[in-house]
Structures are given as C-alpha cells and as structure tokens.
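Participant: Once you've had a glance at the structure underneath, I'll fire off some questions.
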Amino acid sequence: MGARHKKVIIIGSAGAGKSTLAKRLGPLLGLGVFHLDALFWKPGWVQTPRDEWRALQQELLARDSWLIDGNYGSTLELRLAAADTVIFMDFPRWLCLWRVFNRRIQYRGRTRSDMGPGCPEHIDWEFFRWVWRFPLVERPEVLWKLDQYARGKTVYHLRSPAEVRRFLAEIEARPGAG
C-alpha cells in the first residue's frame, strides 16, 4: 500500500479488529480515519435515520482521501464503489466472539474512542447473534459484494491476526511510511 491508496475501507465481523487496524493504518498512509460506528450511533444508542446516514457517507466519500472502518451492509456498495482499496478482515467466529466479550469487560460502562459519544460498551442478544451468524449470513454477502463492486480495486483478504501483523509490517517497512 502506498500513495495510490487514498480511499481505503476496512470491513469484517465485529471483533475482527477493524477499528484497531484503522487507527494504526491511517497515520501510516497519511489518511483521515472515520469510524462508521462513531458516525452512526447518537447518544443513548440512537440510530441515524437512513436518509441522513446515506447522505453523510456520500459526503465522506466525496473527499479526496479517507480510511473508513465498518460494515453497515445497506451502504457497503457506496463505499466499495468509491474505494480504491478494500481490507476484508475475515477472522474465525470464535476469535471475534472472544474479542467482543473482552472488549465488553475492558470498556464496561465507558465509550470507546471509535464509538459515538454517549454509547457505552454493551452487548445485547441481537449483537451477539449478528457476530455468531456473520460467517454464515454476512460473509457470503460481503464476498458477493466484493465480487460485484470491487473489481479492479486492490483487495486484501486478511484471515488471521498474524496476517494483519505481516500486512502492517510490510507497510511500516516501506520508505516514507508513517
């Protein structure tokens, strides 16, 4: 990755480490980082209305450069169409669930930096179910959308934390990184 990668999206299951990767990768590439969860959720876990959500993303995507992390399948096509680079963090279910539970303990009662203000960490049944079903329901849809909308773009399909570490090490080793 380098100067030609100016519009990057990171997608994958909750707990895969999208936001963590975005926080490390953004400065290395000189890109502003936008966490979709922080933009979508209003205080008290109130969702942004659909029309406002699409408009907000279209405004972001019109910028010259960005790194955006998050799934939000209803608008993934918008981001795929605008991106020049896609990073799909395709991790095992057990690892994502483990990380979600650890995150819940670590941030209990507090709001993470990649979340909207007034949205303290919590897990409900719907969220747990979404993570559990990601490999069966969401993953095939993501792969289909990558096939349809990411042709001609650079796609990194990372399947383990070790692959992420190697990926970051390669970027950090390039001249001008960071």
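The values are calculated or read from the model by the stated rules, or taken from the named source; none is laboratory data. Here the structure is a predicted model, which is why all the values come from computation and not from measurement. Every residue, glycine as well, gets a Cβ built from its backbone with ideal geometry; the counts of neighbours run over all protein chains shown.
Participant: It is to be established whether one or more residues within the range 120-131 are acidic (Asp, Glu), modelled with pLDDT of 80 or more, on the phi < 0 side of the Ramachandran plot and not in a loop (DSSP other than H, G, I, E, B).
Facilitator: Taking every residue of the range 120-131 in turn, at least one turns out to be acidic (Asp, Glu), modelled with pLDDT of 80 or more, on the phi < 0 side of the Ramachandran plot and not in a loop (DSSP other than H, G, I, E, B).
Participant: Now a separate question. Go through (1) within 18 Å of LEU21 (Cα to Cα); (2) free of Cβ contacts under 8 Å to residues at least 24 places away in the same chain; (3) in contact with a strand residue (DSSP E or B) (Cβ under 8 Å, 6 or more places away or on another chain) for ARG104 and report which single condition fails.
Facilitator: All conditions pass for ARG104, except number (1).
Participant: List, please: which pairs have Cβ atoms under 7 Å, are six or more places apart or on different chains, and start with a residue in the range 128-140 that is within 8 Å of SER13 (Cβ to Cβ) and end with one that is at pLDDT below 95 and among the β-branched types (Val, Ile, Thr)?
Facilitator: Going by the 7 Å Cβ cut-off, the qualifying pairs are VAL131/VAL100.
Participant: So, one more: From the list ARG99, ARG103, ARG110, ARG139, pick out the single residue that is surrounded by fewer than 13 Cβ atoms within 10 Å (Cβ to Cβ) and more than 24 Å from ALA55 (Cα to Cα). Write out each step before concluding.
Facilitator: Details: ARG99 fails: surrounded by fewer than 13 Cβ atoms within 10 Å (Cβ to Cβ); ARG103 fails: surrounded by fewer than 13 Cβ atoms within 10 Å (Cβ to Cβ); ARG139 fails: surrounded by fewer than 13 Cβ atoms within 10 Å (Cβ to Cβ).
Going through ARG99, ARG103, ARG110, ARG139 in turn, the sole match is ARG110.
Participant: Continuing with the same structure: Considering only the range 36-97, give the helices (runs of 4 or more DSSP H) lying wholly within it that have at least 2 residues that are in contact with a Leu (Cβ under 8 Å, 6 or more places away or on another chain). It would help to see each step written out before you state the result.
Facilitator: Working: elements: 36-40, 50-61, 76-82.
Helices (runs of 4 or more DSSP H) meeting the threshold: 50-61, 76-82.
Participant: Something else about it: Being buried (at least 16 other Cβ atoms within 10 Å of the Cβ) and out of contact with any strand residue (DSSP E or B) (no Cβ under 8 Å at 6 or more places or on another chain) is the filter here; which residues of the range 113-126 pass it?
Facilitator: Of the range 113-126, the ones buried (at least 16 other Cβ atoms within 10 Å of the Cβ) are 114-116, 119, 121.
Answer for the range 113-126, where residues must be buried (at least 16 other Cβ atoms within 10 Å of the Cβ) and out of contact with any strand residue (DSSP E or B) (no Cβ under 8 Å at 6 or more places or on another chain): there is none.
Participant: To continue, here is another question. I need a count of the residues in the range 142-156 that are surrounded by 13 or more Cβ atoms within 10 Å (Cβ to Cβ) and either aliphatic (A, V, I, L, M) or not in a helix (DSSP H, G or I) (or both). Break it down into steps so the answer makes sense when it comes.
Facilitator: Residues of the range 142-156 surrounded by 13 or more Cβ atoms within 10 Å (Cβ to Cβ): 142-143, 145-146, 149-150, 153-156.
In the following step, the residues that additionally are either aliphatic (A, V, I, L, M) or not in a helix (DSSP H, G or I) (or both) were identified as 142-143, 146, 150, 153-156.
Here the count works out to 8.
Participant: Then there's this: Taking the range 157-175 as the search range and keeping residues that are exposed (fewer than 13 other Cβ atoms within 10 Å of the Cβ) and assigned to a helix (DSSP H, G or I), which one is farthest from the chain's Cα centre (by Cα)?
Facilitator: Among those residues, the one meeting the criterion is ALA173.
Participant: Quick one: count up the residues across the range 67-91 that are over 21 Å from LEU29 (Cβ atoms), surrounded by fewer than 18 Cβ atoms within 10 Å (Cβ to Cβ) and either β-branched (Val, Ile, Thr) or touching a residue at least 40 places away in the same chain (Cβ under 8 Å) (or both).
Facilitator: The qualifying residues number 2.
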